[in-house]
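The values are calculated or read from the model by the stated rules, or taken from the named source; none is laboratory data. Here the structure is a predicted model, which is why all the values come from computation and not from measurement. Cβ sites come from the backbone with ideal geometry, for glycine too, and all protein chains shown count toward neighbours.
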C-alpha cells in the first residue's frame, strides 16, 4: 500500500536575505530529523519545495513553513507512492526559485491573472478560441501536452523569452493560457508575455498536475513528466512506466523502450550510434 506522501509547493513572497541562512539551517535540521527527502529552494523571491515522507512528518514541516510571514496560505499539491522518489534532502539558497534570468518580473507584486482548471476545461469544452502555450522544455513536452498546444521548442526555461519573440505576432491579440507542470514557471512566463505586448494572458493555476487532479485527462494527450524518480504520472496522478535514459537523460515512454535501439543503462533511440538498429516501423 502506498504510504509515502509527495508534496510540491511554491510561493512567491519577499524574504529578507539576511534571514535566509538561519532558515536554511533550521529546515535542514528539521527535515533530517523527520526523515524527509527532497529539495527546498529559498530565495529573496520566495520558496519552492519538493519533499517526500510520512504524512506526520510533512505535516510538521508545513506547520513550520506556514508560521513564516508570507507563507500562511502555502498549499501544496499531493500525490502518493510506494517508495520515496528522492535519494537525499537538500535545502539551498538561490538567486531565483525558478531560473528565468529576466529582470523586472515580480510574481509576488505583479502577477498575471490566474485561470483555474475547471474554467479552462469549460473553455475547451465550449471550443473557445484560446491558445494554450506550453512553457516547458522539449524533453518534457514529448511525453505529453494539451491537444493543439503551442510548443516554443526550448531546452531550458531561460530560453523562453527568446522563443516568445519568435511566436506569430497575431497571438498577441488572442487569449493565451500558459501552462507548465505545477504552475511555477508560468508565474514568470505569463507576466513576461504581458510585458511583450500580449493583450490577454492567463496562467493555469496549479499547472498540469492540478488540472489532472481536478479534471482528469480531458483535452490532454499522454502523461506528465515530473522531476523525481517517478519520471511520469498519468491523468490519475499514478506513476507510469516511463524511464530516464542512463546515457542521455532523455525520458522514455513505454513505446520508446520497445525500440530496438533502447538498451538499458547503455543507449536509447535518441543517443544510439547512427549505425545501430533502426525501429521496425521505419524500415
- prompt: Quick one: would you say residue 194 is modelled with pLDDT of 95 or more and surrounded by fewer than 21 Cβ atoms within 10 Å (Cβ to Cβ)?
  reply: yes
task: Report yes if some residue within segment 12-24 is buried (at least 19 other Cβ atoms within 10 Å of the Cβ) and either free of Cβ contacts under 8 Å to residues at least 40 places away in the same chain or in a helix (DSSP H, G or I) (or both); otherwise report no.
output: yes
- prompt: Out of the residues in segment 47-69 that are surrounded by 15 or more Cβ atoms within 10 Å (Cβ to Cβ) and out of contact with any helix residue (DSSP H, G or I) (no Cβ under 9 Å at 6 or more places or on another chain), which is nearest to residue 13 (Cα to Cα)?
  reply: 48
task: Identify, by number, the condition in (1) over 18 Å from residue 125 (Cα atoms); (2) surrounded by 21 or more Cβ atoms within 10 Å (Cβ to Cβ) that residue 141 doesn't meet.
output: (2)
field: Residues within segment 257-273 that are surrounded by 14 or more Cβ atoms within 10 Å (Cβ to Cβ) and out of contact with any strand residue (DSSP E or B) (no Cβ under 9 Å at 6 or more places or on another chain), tallied
entry: 3
